[in-house]
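Note sheet for the following structure.
The values are calculated or read from the model by the stated rules, or taken from the named source; none is laboratory data. In this text the structure is predicted, and so the values were computed from the model without any measurement. Cβ coordinates were reconstructed from backbone atoms using ideal geometry, including for glycine residues, and neighbour counts include every protein chain displayed.
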Amino acid sequence: MDVYSQLGQQAIMGIVSHIFFIGVTFYALQSLRLEQVFKKGKTFQIQVLYILLSITIGSTVSNFFITFSTWSQQLPYLFQ
């Protein structure tokens, strides 16, 4: 397998992983009742916070899994 093919596969895996974990995080954050913390009538700000928290948490979790996957693929080099 050539280098460009591997880079393309890693790019697709990264994009899919980020989108998946951002979606899961957004779904999980819906269980919080943040509207009780904000002033009444601040619906837009609450939605923006949900989106930003989803991106932040989801990207962090995705980066963890991508890094973990990369490290696990590199383990065989330790025993050569």
Looking across segment 24-49 at residues that are at pLDDT 95 or above and either outside any helix (DSSP H, G or I) or out of contact with any Ser or Thr (no Cβ under 8 Å at 6 or more places or on another chain) (or both), the single one that is surrounded by the fewest Cβ atoms within 10 Å (Cβ to Cβ) is Y27
Point to revise | Yes/no for I55 being more than 26 Å from Q73 (Cβ to Cβ) and in contact with a helix residue (DSSP H, G or I) (Cβ under 7 Å, 6 or more places away or on another chain) | key: yes
Going through segment 12-37 in order, the residues found to be of a type in the set (A, V, I, L, M) and either more than 19 Å from F65 (Cα to Cα) or in contact with a strand residue (DSSP E or B) (Cβ under 6 Å, 6 or more places away or on another chain) (or both) are L29, L32, L34, V37
Here the qualifying pairs (Cβ atoms under 8 Å; residues six or more apart or on different chains; first in segment 43-68 and closer than 17 Å to Y27 by Cβ; second among the hydrophobic types (A, V, I, L, M, F, W, C) and outside any helix (DSSP H, G or I)) come out as I46/F38
